[in-house]
Amino acid sequence: MTPVAASSSWVPETVYARNGETHIAYQTFGEGEVTFVGVPGIVSNIEVIWEDPEARAWLTRLGSFVRMVHFDKRGQGMSDRDSGVPTLDDRVEDLMAVIEAVGADRVALG
């Protein structure tokens, strides 16, 4: 696990999980007994979000007591863009690919 650094320029490394041929970008940071997976809303970019001071403070706070995982939906942010219009099943499989990639047995979703 990667602890959240105090530096205001620190950004966790973006890595990729695979769901079939689609690459789903995610970041993991913080420490805690609970793995919290932040499911993206309408639009996401896991690298750009760190540029917003309020979002950075919120993510940093979460990472102070949970293992935080957040990801970009397929077609957005750092994830593959040319994957067509995803179904609900595609979205769930993407989420499961990220959970499997981080090696979590149990997660809290938010």
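Quick note: the coordinates plus some simple rules give every number you see, no bench work behind them. Keep in mind that this is a model prediction, so the values were computed, not measured. Note that each Cβ is placed from the backbone with ideal geometry, even for glycine, and that neighbours are counted across all protein chains shown.
What the table shows:
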item	result
Principal axes of the chain: Cα extent on each, largest first, Å	38, 29, 19
Cβ-defined net charge surrounding ASN45, 14 Å radius [Lys, Arg +1; Asp, Glu -1]	-1
Environment charge of ARG91, counting only residues whose C-beta is closer than 9 Å and scoring Lys/Arg +1, Asp/Glu -1	-2
Angle in degrees between helix 88-102 and the longest Cα principal axis of the chain, rounded to the nearest 10	50
Computed [θ] at 222 nm, helices only, for the chain once each DSSP H run of length n ≥ 4 contributes -39500 (n - 2.57)	-7500 deg cm²/dmol
Residue of SER64, SER79, SER44 that the Gaussian network model of the chain assigns the largest fluctuation, springs spanning Cα pairs under 10 Å	SER64
Dipole magnitude of region 6-110, debye to nearest 20 (Cβ charges: Lys/Arg +1, Asp/Glu -1, about Cα centre)	220
Degrees, to the nearest 10: 53-63 long Cα axis against longest axis of the chain	90
Relative contact order (%) - criterion: Cα under 8 Å, at least six apart; region: the chain	34
